[in-house]
Structure formats: C-alpha cells, structure tokens
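So the structure is just underneath, and the comments pick up after that.
The values are calculated or read from the model by the stated rules, or taken from the named source; none is laboratory data. Predicted, not measured: the structure shown is a model, and the values here were computed from it. With ideal geometry, Cβ positions are generated from the backbone for all residues, glycine too; neighbour counts draw on all protein chains shown. Surface accessibility is based on the protein's heavy atoms, side chains included, excluding ligands, DNA and RNA. Shrake-Rupley method; radii C 1.70, N 1.55, O 1.52, S 1.80 Å.
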Amino acid sequence: MGALGPLDAAVVLAYFVGITLFGASFGRYARSTRDFYLAGQRLPAWLVAFSLLATTVGSYSFVKYASAGYRFGLASSQTYLNDWFWMPLFLFGWLPVAYRTGVLSVPEYFRRRFDERVGLAAAAVLLLYLVGYIGINLFTMGRALEALLGVGAFPAALVVVALVMVYETSGGQTSVVFTDFVQGVMLLAGGLLVLALGVARLGGIGGFLEALPPGHLQPFPPFNEPPDFNFVGIFWQDAVAGGVAFYFVNQGMLLRFLSARSLAEGRKAASVALLVLLPLGAVAVSGAGWVGAALEARGVLPGGFRPDDAFLVVAKFLCRPGLLGLVLAALLAALMSTADSLINATSAVLVRDLYRPCVGRAADERHDLAAARIGSLVAGVCGLLLVPVYSSYGTVYEAHGAFIAAVTPPMAVALVLAFLWPGFTAAAALVTLLGGTALMFLSLLLPGLVSPFAHGVTPQGYGFMRACYGIAISAALGVATALAGRSRPVPDVERLTVWGLRDRGDSRDGPRTRVRLRVRAVRADSAGAGVALVGPDLEEALGRTEGCRVFVDDARFWYGGLRSARCRVARATEPLPGGSVGLQAEVMERNRWRDG
C-alpha cells in the first residue's frame, strides 16, 4: 500500500470499511426526501455541532492549513477565526428566516422571495459553487493520497467518492450527520495528536515556541504581502466572501442547521461550533505545519518537501506504526465528511429546484427519494470531473482561495440583501446574480479590473482580491437596480425577511410552550398516524391538548434523536397508564420502543 507499513495500511483500510458500513446502516431512517435531506428534523444540538465541525474541516483543511502553518506560522489560523462577526446576523437573521419559512434550499428561498426566474438563476449559480466545492475537496484528497499511496490523484479521488456514495445515497442526511460525528472526533484527535507529539519532541511548549522560525509567532500576516498569503486578501476572501458563502449560501450548512429539532437547537449548535469546536479545529489542522517548521529549524526534520505535503511528512516522522494509521484515518475523515455533506446538498438543489419544476410534482415519495439518490450520484460524478482542472494550481491553498473568491460574491450579496431589505426587487436579484457572475468571470480574462480593489496587492495575489472586487460590483449592481425600479408592497415580502420575525416562537408553527416530561410510550390501537394520545395527568402537565404538537424522544441521549416522533396531541378515548403517551403501533416499531 505505497509508503504505508502493513499495520498502518490495515488501520486505514479498516477505517474506510468501518465508516462506510456504519453510514450505510442508517439507510432505514431515510423513508422520504425530508428524511433524506433533513434527517427528519430530529437531531439534538450536540450532534449537529460535531457534524458542523466535520463539514467545516474539509479534506482540503489538513493540506491547506498545514501548508500555510509550515510557511507562515500561527497566522495560518486566521482563516478559521476571522468570520465570527457574521454569527449574530446568522443566528438571529438568516437562520430563523430559513427555519420558519420552511425552505429546503437557497434557490427555493429566492423563488418564494421573488419569482421562478430568480429561483432558477440562484440554482445555476449555487450549483456552480457546490459542484466546484466538491471538486476542490476531491482534488485535495487526491493530492494527499497521491503522496501517501503513490497512486494518481484522479484514481484516488474516484475510490473515495465511490465509498462516500455508498452511505450517502443510502441514508442521506442521517448517514451524513452520524458519520460526521465520528469523523469530527477523529479529525480533532488526529490533528491534536500530531501537534502534541511535535511539541513533546521539541521539549515542551517553551521549546516549541523558541524553535519556530522568525515571524512564525505573528498572529496575522503582513497587510498586503506576500501576494499568496496576506491579511487583506484573507480578510476579503475568507472572512467576507467565504464567511457569507459558508454560513448563508452553503446548502450543506443550511441543511445541517435545518436538521436540528428546533431553531433553538440550531442556534446552540452554531454557538458551540463557533466558540469551542472551530478554534480547536483551527489548531488541529494547522498544528502539523507549525511543528514541521520548528522541527526543520532545529535540524531534526529534513526539509525540501512540498508545503502541501507538510501534514503527511510530519505525521510520518512523529508517529509510530499503527498510530500513523489512526492519524491518516483522521485525514480521510476530514475529506469524507465534507464531500458527503456537499453531495447531499447538491442533490437537494438538483432535485427540488431543477428536476421537480421541469417534470412537475412527483407521483409519490418513493419516486422523489429515488430522484434524490440519483441526484447524489450526479453531484459526485460532476465534482470528480473537476479534479484535473484544479491540478493546474501550485498549491491547494491557492486553488481553494481562487475558487472561493471567484464564485461566491454575487450569491452572497444577493442573499444578504434579500433577507435584510424588503425593497430588494426581483430585477435587482437577477442582475446581482447573473450580472455579478458574468463580471466575475470577465475579471478572469481581464485581471486589470481587480486592480482598483487590490489594496496594493500585486497581480499574483488577485486570486484573493477578486473577492473584494466581486462584492463591490455585485452590491453596486443590486442596490442601483433596486433603487431604480419598483418593489412589491412591503407586506407581501416582509414575512420572508428579518422584519417579519414578529413572534417569539422557534418553529414554523409559531409560538410554543417548552415542557420537558419523562413519559413512557405505550401502544394504543386508537392512535392515528402522527397522533399522540394523552390521559388527564399529561393533559394537565401540558396545559393544553387538542391539536398541540409534541416531540416524543428517547431519553437516552446517545440515540441522537433517531428514536423520536413528532405528533399532534389528542385526548385518549381509552384508559392509559399514568405518565404515559399512546402511540400508533407503527411508530412504536419504527423506534423500537417497547410498551412502557
């Protein structure tokens, strides 16, 4: 198995097989497209938070940020920690708008907010982003496995995407979230382990900091140099364009948050991920580059390797056989966890925003579910075909940065203006999406267009500064068109913006009372589908009954919401044991609940 020893090869192979079978085992929970894309909206915050970490730390992360850490030191963490200022707007603006309006995709929001034309334009631009994102992940994975196993980047990407497709097409979002939980733990453990081993090899924290080359202790890079890694370029490309794209536009992130059992759980997940898990992730993915630079400066580690190979070189140098296999499994976890989420998200756009409008409403749920799985296959294949395109870039960091800067600004600007400004019109949205995208691609042919927005960065760094150019021209197009045209009456669109968030409820059904009760589930022959029967004791505890919604969940947290059901309450017409809720036999069997 290439440069790997037998024990490490066995560990990596076991991980591949184990995670694929584990993910495929959740196929029984995908009975509808809502299950396939939203995991039945039953997931708790802790599970969503870990899956968010795994999706954020993509296959490119260990390669990209270890490379940056090796070249530039602690400043490599800036790209993970500089978009925090978007979170209030996301938590209290876009997330409640998306959750309460019931949209399943970003183009669906544009279609409801404006019209079909804008929805189709948004779908086209978003697919360009998603498929390109899948491609950059598979390209990075190919680069890593090429160095690791000695095989070509494209064949390596083909094998991994095939394994991802096995469980993603089986269980959809449920498989994605549960495998991402495992993979989130793996990638954190693997990255932090390499850092810890390197620090120990250098004699502790003090020895590690002393060994770092000059300039590697700076938390930020210089303002506008070097051209491929500077403060202003990272700010516009990562913090502004990338931050908006990732939290607001990225369909995979939207589906992940909407899979939470409530808006409150989604907010908790985002807060935990931002304040705790993502800072740990930044250290985990950059750490190998930091210790690599320190070990090389001490003369312990031979130099001369590609920066993109820093993680693999350092891991091989520090880890013993078997342990190396676990660390490399963490790298594989990172690449699979982002690819599966993006493939699921792309399928949602392909099926719901392109396929359904073209063929009309599907005949039944089975047809929709089959279309969702086929859409996943199409997404994986399209991303795979882009791997050779990205091979033309010198480093993964350069390829990823250029892609984000070139594709995301028009969609990011259009979405933010749409949910913040009721006066933003359909014509303005269309001009922002299509005109902005056209001008972005024009700047690839005429790089001089970026020059006025480059903040002194030399032309070699225009790949990053194109984000500033794109945001400025897209915003100018959208605002000018909206101000020059006529908008629909405000009441017609206000409910689809942040200004329509009038109530204090946290669900699509409006306000609700939170009451947590420990009850037993029992079979009730008179219970209908989606109905929970309650006796006088529970009726009093709930404070109301007929028609109110309840979420019945297994008290054991490790089931992660899989054993749960959403029901509408009805008064029981038959005697029920005290402290129990009566459910349909099918619900009991599906959740493997026993009477009482």
Please indicate, with yes or no, whether at least one residue in region 269-288 is part of a helix (DSSP H, G or I), more than 22 Å from PHE246 (Cβ to Cβ), open to solvent by 10 Å² or more (accessible area, probe 1.4 Å) and touching a Leu at 6+ places or on another chain (Cβ under 8 Å).
-> no
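Would you say TRP94 is at pLDDT 85 or above and not β-branched (Val, Ile, Thr)?
Working: at pLDDT 85 or above: yes; not β-branched (Val, Ile, Thr): yes.
Yes; evaluated as a whole, the condition is true for this residue.
Yes/no per residue for (1) assigned to a loop (DSSP other than H, G, I, E, B); (2) at pLDDT 80 or above:
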{"position": "LEU187", "(1), (2)": "no, no"}
{"position": "LEU193", "(1), (2)": "no, yes"}
{"position": "LEU197", "(1), (2)": "no, yes"}
{"position": "GLY203", "(1), (2)": "yes, yes"}
{"position": "GLY215", "(1), (2)": "yes, yes"}
{"position": "PRO219", "(1), (2)": "yes, yes"}
{"position": "PHE223", "(1), (2)": "yes, yes"}
{"position": "GLY233", "(1), (2)": "no, yes"}
Check whether at least one residue in region 297-307 is open to solvent by 40 Å² or more (accessible area, probe 1.4 Å) and touching an Asp or Glu at 6+ places or on another chain (Cβ under 7 Å), and report yes or no.
-> yes
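Can you work out which of the residues in region 490-508 that are at pLDDT below 60 and open to solvent by 90 Å² or more (accessible area, probe 1.4 Å) is farthest from the chain's Cα centre (by Cα)?
At the first step, the residues of region 490-508 found to be at pLDDT below 60 are 490-491, 503-508.
Next, from what is left, pick out any that are open to solvent by 90 Å² or more (accessible area, probe 1.4 Å): 491, 504.
Details: PRO491: 33, ARG504: 27 Å.
Here the residue is PRO491.
Is there a residue being in a helix (DSSP H, G or I), farther than 23 Å from ASP340 by Cα and not polar (S, T, N, Q) anywhere in region 296-306? Reasoning before the result, please.
Of the residues in region 296-306, the ones in a helix (DSSP H, G or I) are 296-297.
Imposing the further condition that a residue be farther than 23 Å from ASP340 by Cα reduces the set to 296-297.
Right, trim to not polar (S, T, N, Q) and you get 296-297.
Scanning region 296-306 turns up at least one residue that is in a helix (DSSP H, G or I), farther than 23 Å from ASP340 by Cα and not polar (S, T, N, Q).
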Quick one: would you say GLY243 is assigned to a helix (DSSP H, G or I), under 27 Å from SER347 (Cα atoms) and open to solvent by less than 10 Å² (accessible area, probe 1.4 Å)?
-> yes
Residue within region 250-263 that is in a helix (DSSP H, G or I) and hydroxyl-bearing (Ser, Thr, Tyr) present = no
Within region 468-487, residues surrounded by 13 or more Cβ atoms within 10 Å (Cβ to Cβ) and modelled with pLDDT under 85 come out as GLY485, SER487
Hey, could you check region 450-467 for residues that are hydroxyl-bearing (Ser, Thr, Tyr) and part of a helix (DSSP H, G or I) and say which is least open to solvent (accessible area, probe 1.4 Å)?
-> TYR462
Restricting attention to region 425-449, which residues are among the hydroxyl-bearing types (Ser, Thr, Tyr) and either open to solvent by 50 Å² or more (accessible area, probe 1.4 Å) or not in a loop (DSSP other than H, G, I, E, B) (or both)?
-> THR432, THR437, SER443
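Does GLY190 satisfy the criteria of being in contact (Cβ under 8 Å) with a residue 24 or more places away in the chain and among the small types (Gly, Ala, Ser)?
yes
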Out of (1) open to solvent by 20 Å² or more (accessible area, probe 1.4 Å); (2) among the aliphatic types (A, V, I, L, M); (3) within 27 Å of ARG261 (Cβ to Cβ); (4) at pLDDT 85 or above, the one LEU74 does not meet is (3)
Residues being among the hydrophobic types (A, V, I, L, M, F, W, C) and crowded, with 23+ Cβ neighbours inside 10 Å: count how many of those fall in region 410-424.
-> 8
Which of the following residues is of a type in the set (Gly, Ala, Ser) and buried (at least 21 other Cβ atoms within 10 Å of the Cβ): GLY198, GLY203, GLY207?
-> GLY198
Are there any pairs, at least 6 apart or on different chains, whose C-beta atoms fall under 6 Å, with the first in region 313-332 and touching a residue at least 40 places away in the same chain (Cβ under 8 Å) and the second assigned to a loop (DSSP other than H, G, I, E, B), and if so, which?
-> PRO321/GLY5; VAL327/CYS319
Expected output for region 204-218 (first residue under 21 Å from LEU193 (Cα atoms), partner outside any helix (DSSP H, G or I), Cβ below 7 Å, 6+ apart or cross-chain) is PHE208/LEU202; LEU209/LEU217; ALA211/LEU202; ALA211/ARG298
Taking region 438-460, which residues are modelled with pLDDT under 90 and under 27 Å from the mean Cα position of the chain (by Cα)?
-> MET440, PHE441
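Give region 32-88 a look and list any residue that's of a type in the set (D, E, K, R), out of contact with any Pro (no Cβ under 7 Å at 6 or more places or on another chain) and in a helix (DSSP H, G or I), or say none.
In the first step, residues of region 32-88 are kept if they are of a type in the set (D, E, K, R); the result is 34-35, 42, 64, 71, 83.
Remaining after also requiring out of contact with any Pro (no Cβ under 7 Å at 6 or more places or on another chain): 34-35, 42, 64, 83.
Scanning region 32-88 gives ARG34, ASP35, LYS64.
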